[in-house]
Amino acid sequence: MQLGLRRYVQKHQIGITHNHLKLRVYQPVKIIIRNIARSTTEEELKVLFEEYGTVQSCQLVLDKATGASKGFAFVEMPKPGEAKAAVKNLNDKSVADSRIRVKKAENKKPKQ
């Protein structure tokens with residue numbers, strides 16, 4: 001395989017098996033974190049999850065009226081293996097005197 005193609009494959013997370021190019025583009029894994037201390041920041045969460053891999057996005061959910069944390073957040077990680085390791089190792093971990101609950105977020109069901 002040419003070096004340029006190899007870099008493209010690594011950058012875009014395309015799976016390759018035996019001399020066949022298998023296009024398998026991974027969707028980022030969305031993770032929900034609950035029971036976060038109200039004092040915890042997005043940056044602190046991002047640093048916490050980066051111990052297990054690349055963090056594509058981190059969004060702390062805030063109250064619209066007050067701007068204060070609602071105590072939960074979402075993190076997206078592009079590599080499923082890294083996301084799985086983060087969920088396994090961070091679930092029930094004590095962060096800022098709160099035991100956070102971490103799991104893969106379920107897809108929203110469309111409203112009927």
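The figures follow:
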| item | result |
| --- | --- |
| Filter pass, residue 103 being assigned to a strand (DSSP E or B), within 12 Å of the chain's Cα centre (by Cα) and at pLDDT 95 or above | yes |
| Restricting the range 42-60 to residues that are surrounded by 15 or more Cβ atoms within 10 Å (Cβ to Cβ) and acidic (Asp, Glu), the residue that is nearest to residue 81 (Cα to Cα) | 50 |
| The range 3-61, residues that are touching a Phe, Trp or Tyr at 6+ places or on another chain (Cβ under 9 Å), of a type in the set (Gly, Ala, Ser), at pLDDT 95 or above and part of a loop (DSSP other than H, G, I, E, B) | none |
| Selection count, the range 75-88, where residues are in contact with a strand residue (DSSP E or B) (Cβ under 9 Å, 6 or more places away or on another chain), outside any loop (DSSP other than H, G, I, E, B) and surrounded by 13 or more Cβ atoms within 10 Å (Cβ to Cβ) | 9 |
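A quick yes/no check of all residues on (1) under 12 Å from residue 34 (Cα atoms); (2) touching a residue at least 40 places away in the same chain (Cβ under 8 Å):
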residue	(1), (2)
64	no, no
68	no, no
72	yes, yes
85	no, no
89	no, no
93	yes, no
102	yes, yes
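The values are calculated or read from the model by the stated rules, or taken from the named source; none is laboratory data. Computed from a prediction, not measured in an experiment: that's the story for all the values here. Note that we place each Cβ from the backbone using ideal geometry, even for glycine, and neighbour counts take in every protein chain shown.
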